[in-house]
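Nothing in this text is a laboratory measurement; each read-out follows from the coordinates by a stated rule. All of these numbers come straight from a predicted model, not from anything done at the bench. When we count neighbours, we look across all protein chains shown, and the Cβ atoms used for this are built from the backbone with ideal geometry, even at glycine.
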Amino acid sequence: MKAIMVGFGQVGRSLRTLLQGRAKELGVEVEIEAVVTRRGIMIGDGEEFRKTRDGTAMDALNLIGPDLVIDVSSANYQTGEPSLSLYIEALRRGVHVVTSNKAPLALKFWEIMDTSRRHGGKLGFQATVMSGVPSVNLIRVMPGLKITRIRGILNGTTNYILSKMYQGLSYEEALKEAQELGYAESNPEHDVNGFDAAAKLVILANYGLGSRANINSVHFKGIKELSQERIIALKRQGKKVKLVAEAYGNSLTVEPREIGPEDPLYNIDGVTNALHISSDVQEITVIGPGAGPLNAAFGVFSDIVLMSKGLY
Ligand SMILES: NC(=O)c1ccc[n+]([C@@H]2O[C@H](COP(=O)([O-])OP(=O)(O)OC[C@H]3O[C@@H](n4cnc5c(N)ncnc54)[C@H](OP(=O)(O)O)[C@@H]3O)[C@@H](O)[C@H]2O)c1
């Protein structure tokens with residue numbers, strides 16, 4: 001498969017390593033024919049990005065004519081661009097798209113999905129939710145199941161902060177610790193205000209429940225207003241506060257919830273994520289690391305392998 005890769009940051013580099021080390025043994029041939037960053041286009045593959053020519057991802061699509069577009073570029077939540085137009089154009093041409101970038105799907109899920117279904121280019125987006133832990137692809141392997149509710153802890157940064165506050169740290173102390181450990185960005189706004197979890201919930205609700213949602217459909221609230229006193233008082237009652245993302249019926253919410261030990265999300269602490277799916281047949285919980293460059297790259301890698309084997 002001839003591929004172009006858009007973005008060559010932490011996830012892109014880890015993905016390159018996975019492809020080089022593991023694709024062949026799985027019988028999968030992926031040749032990276034061009035890499036695109038904000039700086040331009042590198043024709044061919046390389047450990048370091050070296051610009052060969054000016055241009056955008058769309059230029060690389062036209063130039064290379066790939067079988068696969070891999071998007072591991074930064075998210076643009078204002079417009080989804082330039083990734084959104086790239087996906088639509090690639091899928092229209094029957095080119096497959098695999099992405100770890102949530103923004104285009106959180107904004108225009110059905111426009112992208114319908115284009116894929118109409119024209120035959122396949123779309124892999126496991127890495128957009130819980131990175132390499134099956135979430136999207138868990139739903140993918142349960143055809144015919146009637147999912148009734150999706151509920152989870154979908155943001156590791158906030159879960160880490162809440163876990164530390166439960167142990168007695170203030171919000172500021174816990175956030176600082178998360179930043180020092182690389183779990184929170186220097187600007188953590190999208191994590192702590194619930195936006196990141198809301199974007200992931202939109203993707204799961206559309207795919208799993210058939211919602212017609214975008215990021216504006218979610219009622220989301222973050223953790224900044226929670227006091228340590230309240231968390232400690234609840235602890236004495238045997239409860240924890242978790243930032244719970246939930247899709248049920250037409251309601252999509254992300255908000256701090258008080259939960260007890262009977263809840264499958266109660267023991268999910270630190271940066272760990274969890275997803276609980278209720279359906280007409282079974283209840284399932286998956287637990288695992290929701291972020292990390294290698295984990296996200298594995299989510300992309302697993303999509304590429306499954307796709308190239310015709311498994312979707
Ligand atoms: N890191 C994780 O744990 C994780 C987990 C799940 C999902 N993700 C998602 O995966 C994506 C990549 O994450 P990352 O951690 O690898 O980010 P990163 O290290 O910041 O790298 C982002 C890359 O995207 C490129 N880029 C940004 N805008 C672009 C544009 N308009 N056209 C072409 N390239 C562009 C950047 O180019 P320059 O090099 O020129 O700046 C850079 O190479 C993001 O969407 C992120 O939300 C990350």
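Placing dummy labels 7 Å off each Cα toward the beta-carbon, the span from Q10 to E173 is 2.6 nm.
The length gained by stretching the chain between S251 and V286 to full extension, at 0.36 nm per residue less their Cα-Cα distance, is 10.4 nm. PRE reach from Y266 (point 7 Å along Cα→Cβ): which of region 238-252 fall under 19 Å by backbone N? It comes to 238-245, nothing else. Normalised by the number of residues in region 147-289, the mean separation of alpha-carbon contacts (under 8 Å, six or more apart) gives a relative contact order of 36 percent.
At a 10 Å Cβ-Cβ cut-off, how would you order V244, V300, fewest neighbours first? Write down the numbers at each step before the final one.
Numbers: V244 21, V300 29.
In order of increasing Cβ crowding within 10 Å: V244, V300.
By the gyration tensor of its Cα atoms, with a ≥ b ≥ c the square roots of the eigenvalues, what is the shape of region 259-312: rounded for a/c under 1.5, prolate for a/b over b/c, or oblate? Taking the square roots of the gyration eigenvalues as a ≥ b ≥ c, region 259-312 is oblate.
Looking at the chain as a GNM with Cα springs under 10 Å, which of P261, P134, P104 has the largest mean-square fluctuation? Largest GNM mean-square fluctuation: P261. For the chain, the Cβ-based charge dipole about the Cα centre amounts to some 480 debye (Lys, Arg positive; Asp, Glu negative; other atoms uncharged).
Taking K and R as +1 and D and E as -1, what net charge do the other residues with C-beta under 15 Å from the C-beta of D280 add up to? Before the final figure, lay out each step's value.
Numbers: positive: K146, R149; negative: E283.
With Lys, Arg at +1 and Asp, Glu at -1, the neighbours total +1.
As a proxy for reagent exposure, V254, V218 were ordered by neighbouring Cβ count within 10 angstrom, fewest first; the result is V218, V254.
Run the numbers on the chain and let me know its relative contact order in percent, using alpha-carbon pairs under 8 Å that are six or more apart. It would help to have the intermediate numbers written out before the result.
On the way: 650 pairs, mean separation 64.6, N = 312.
Relative contact order of the chain: 21 percent.
Taking other C-beta atoms within 10 Å as the exposure proxy, D54, D303 rank D54, D303 from fewest upward.
In loop segments of region 1-50 as defined by DSSP, the trypsin sites (Lys or Arg not before Pro) with at most 16 further C-beta atoms inside 10 Å of their C-beta are R38, R39, R50. Electrostatic tally near G222: other residues with Cβ closer than 11 Å to its Cβ, Lys and Arg +1, Asp and Glu -1, net -3. For the chain, taking the reciprocal of the average inverse distance between every pair of different Cα atoms yields a Kirkwood hydrodynamic radius of 20.0 Å.
A full extension of the chain between S74 and L234 corresponds to an added length of 53.8 nm, given 0.36 nm per residue minus the alpha carbon distance.
Per DSSP helix of 4 or more residues, -39500 (n - 2.57); summed, then divided by the residues of the chain. What does that give at 222 nm, rounded to the nearest 500?
Working: 11 runs with 113 residues, N = 312.
Computed ellipticity for the chain at 222 nm equals -10500 deg cm²/dmol.
Have a look at A199, G210, L162 and report the one farthest towards the positive end of the charge dipole of the chain, computed about the Cα centre with Cβ charges (Lys/Arg +1, Asp/Glu -1). Checked the options; the winner is G210. For F220, the amide hydrogen comes within under 5 Å of the amide hydrogens of V254, counting only partners 5 or more places away or on other chains and with H modelled in the peptide plane.
On a full-extension model of 0.36 nm per residue, what is the gain between E29 and T17, subtracting their alpha-carbon distance, rounded to one decimal in nm?
Details: separation 12, 0.36 × 12 = 4.32 nm, distance 1.38 nm.
Separation in residues times 0.36 nm, less the Cα-Cα distance, equals 2.9 nm.
The Cβ shell under 11 Å around D263 holds other residues with a net charge of +3, Lys and Arg each +1, Asp and Glu each -1. Packing around the peptides 233-240, 62-69, taken as the average count of other Cβ atoms within 10 Å per residue, puts them in this order, highest first: 62-69, 233-240. Couplings 3J(HN,Hα) of region 75-80, computed from phi: 7, 10, 7, 6, 10, x Hz, in residue order, whole Hz [Karplus 6.51 cos²θ - 1.76 cosθ + 1.60, θ = phi - 60°; x for Gly and Pro].
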